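Report on one structure; see the data block that follows.
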Amino acid sequence: MIFELKDKVVLITGVNKGIGKALAEGFVRHYAMVYGTVRNQEYFEELKKQNINPILFDVRNFDVIEELFKTIYEKHNRLDCLINNAGISSNTPASMFKPEEVRNIIQTNFEAVFYLCQAYYRFQKKYKANNGCIINISSVLGLVGTTLASIYSGTKGAILQLTKSLAIEWANSNIRVNAICPGFIETDMTENIQKKSQLLQKVIEAIPLKRLGKPNDLVGAALFLASDYANYITGQYIVVDGGMTAM
């Protein structure tokens with residue numbers, strides 16, 4: 001099977017729904033050992049039925065990140081790939097943001113990603129791994145601007161620069177760091193668009209493939225970046241947006 005990841009150990013944040021769940025299911029189909037973080041234990045049984053190992057974890061709880069990795073490394077002595085997927089958005093106008101909401105978005109979308117990457121690097125060194133792989137889920141809104149997404153776009157743009165910088169800094173440790181930029185995908189984050197027919201039509205008209213993406217549309221890019229086929233790729237991002245940013 002192309003991009004077979006048999007026996008590789010993968011950690012994906014935010015797997016209870018949307019892109020994270022699709023990624024977790026995709027990696028399981030390709031025989032990876034998948035761990036996924038969720039903020040609510042109610043998803044545990046469903047995830048276990050799909051051979052996804054759930055871990056109760058809030059990415060904003062920076063103090064327990066080390067415990068998260070310790071759980072996996074003590075069992076497998078390695079972690080082949082970290083996928084930073086968990087994130088939140090907001091439709092708040094830029095003029096109306098309160099400090100608490102700004103702080104929450106930045107902590108979730110940027111700070112958590114950095115601290116998870118940092119912990120992964122430290123554990124890879126501790127366990128003397130000779131390679132590693134990080135995939136950060138950014139967004140096309142990290143590349144282009146739009147209304148009602150100022151802080152979200154800012155964090156996603158920051159993720160791309162973080163990805164490039166870590167890729168360079170950790171190249172000597174053979175830890176590859178890449179990103180994926182989803183376009184408008186049918187998830188909770190685009191629910192506001194999906195509910196408004198005129199707005200939805202306008203968005204679709206701006207997409208050459210004339211549809212919103214589905215969470216499964218991200219799986220191929222992630223499998224490729226995590227596989228041995230991408231061993232010479234680092235510091236890059238793959239845009240999965242139906243051609244929207246090509247126009």
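Quick notes on this structure:
- Contact order relative to length of segment 1-127, as percent, for alpha carbon pairs under 8 angstrom and 6 or more apart: 26 percent
- Environment charge of Y115, counting only residues whose C-beta is closer than 14 Å and scoring Lys/Arg +1, Asp/Glu -1: -3
- Take 231-238, 180-187, 128-135 and order them by the average number of nearby Cβ atoms within 10 Å per residue, most first; the result is 180-187, 128-135, 231-238.
- Modelled this way, with points 7 Å down the Cα-to-C-beta line, the labels at K195 and E111 are 2.9 nm from one another.
- Where labels lie 7 Å past Cα in the beta-carbon direction, separation of L148 and R122 in nm: 4.0 nm
- Within the chain, helices built from complete DSSP H runs that reach 18 Å or longer along their own axis (Cα positions) and carry a mean Kyte-Doolittle hydropathy of -0.5 or higher are 112-126, 150-169.
- Computed E for N131/V102 - FRET, C-beta separation, R0 41 angstrom, nearest 0.05: 0.65
- Label selected from (1) 52, 37, 35; (2) 44, 39, 39; (3) 52, 43, 40, the criterion being Cα extents along the principal axes in Å as computed here: (3)
- Additional length obtainable on full extension of the chain from D58 to H76, 0.36 nm per residue less Cα span: 4.2 nm
- A DSSP coil position with no more than 16 other Cβ atoms inside 10 Å describes the following chymotrypsin sites (Phe, Trp or Tyr not before Pro) in segment 61-113: F97.
- Contact order relative to length of the chain, as percent, for alpha carbon pairs under 8 angstrom and 6 or more apart: 20 percent
- Cross-link table K8/K126; K49/K202; K48/K202, entries beyond 30 Å C-alpha to C-alpha: K49/K202; K48/K202
Just so you know, all these numbers are worked out from the coordinates, no wet-lab data involved. Remember, predicted model here, so these are calculated numbers, not experimental data. Heads up, the Cβs are rebuilt from the backbone with ideal geometry, glycines too, and the neighbour counts pull from every protein chain shown.
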